[in-house]
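Have a look at the structure below before the remarks.
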Amino acid sequence: MKLFINGILITPNELQCIQHIESDAEAWLTGAIAEKAERRRDTLIKEWRPTLYADASVTELPADADDLATLILARSDYKTRLQQDAAADPVVATSTTQKDKYDAVSRSGSTVTLFGSGITIADLSGNCILAYVQNLEEWVYGAVLGMVNRGKKKMIAKYHPIIMADASVTTMPATEDGLITMILARSDYQRLGG
C-alpha cells in the first residue's frame, strides 16, 4: 500500500518542532505507523476471537497473528471502519478534520518534503489500521500535526520563560510561528535531550 506518493509537505518550522523531540521525523512516522498497525491487528484479533470461536465453519485458526488477522479481514462479515460508519448512517461522510487542519496552514513558501517518494506499508498493516480509522492518510496527517504541536508546546514551554528573562529581548513576535523562529535563532537553543 502506497500513501502520499508525492510526499508530505511541511514548513521548516513544523519540521523543527518535530525535531525538537524526535531527531528523525521520517523514522518517527514510520515507527508510529508500524506501532499503530500492530496495536490495531492485536485489537482486531481480540475483538474477533469470540466470533471465530462461535462460527461452526471455523475448524482451526492460524497460530500466527498476521495470518489470523488476514483470515479475519477476508471474512464476508468483516467491514472496515468506513464501511461500518456508512452502514450506520449513509449520510456520514469520511472525516477530513485532520486534512482540513493540515490545509489550513499556508505552505506556499519554503517547504520540506517528508517521504518524497511516498510511504510504503504492507497491505496487512494498512488494512489493520483501516479496521479502526476511516482513512489512513487522514490518520497520518493527524499524527504529523500532533507531533508538530507537541514539539511546539515543549519548545515554547522551555524557551518562553528564558526569553522573558533575557534583558536583551525588548520585543517578541506576535505569532507562534514568529516565536518558533526566534527560539530557533537563539544561540542557547537545544533540542530536548540535546
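Values in this text are rule-based calculations from the coordinates and carry no lab data. From a predicted model like this one, the values you see are computed outputs, not experimental measurements. Glycine gets a Cβ as well: all are built from the backbone with ideal geometry, and neighbour counts include every protein chain shown.
Straight-distance candidates among the lysines for linking to LYS46, with alpha-carbon spacing under 22 Å and chain neighbours fewer than 8 residues away dropped: LYS36, LYS79. When peptides 29-36, 127-134, 173-180 are ranked by their average number of other Cβ atoms within 10 Å per residue, the highest-first order is 127-134, 29-36, 173-180. In terms of its C-alpha gyration tensor, the chain has a prolate overall shape, because the principal axis ratio a/c (a ≥ b ≥ c, square roots of the eigenvalues) is not below 1.5 and a/b outweighs b/c. Given R₀ = 45 Å, what would the calculated FRET efficiency be for SER106 paired with GLU60, taking r from the Cβ atoms and rounding to 0.05? Once rounded, the FRET efficiency stands at 0.20. You can think of it this way: the chain between GLU47 and LYS79 has 10.2 nm of extra reach, that is 0.36 nm per residue less the Cα-Cα gap. Sorted fewest first by neighbouring Cβ atoms within 10 angstrom, SER117, SER108 come out as SER108, SER117. Overall, the stretch 35-194 carries a charge dipole of about 700 debye about its Cα centre when +1 sits on the Cβ of Lys and Arg and -1 on the Cβ of Asp and Glu, all other atoms neutral. Here the Gaussian network model covers the chain, with springs between Cα atoms less than 10 Å apart; of ILE119, ILE163, ILE72, ILE163 fluctuates the most. Over 23 Å apart at the Cα level, from the set LYS101/LYS158; LYS99/LYS158; LYS99/LYS152; LYS101/LYS154, are LYS101/LYS158; LYS99/LYS158.
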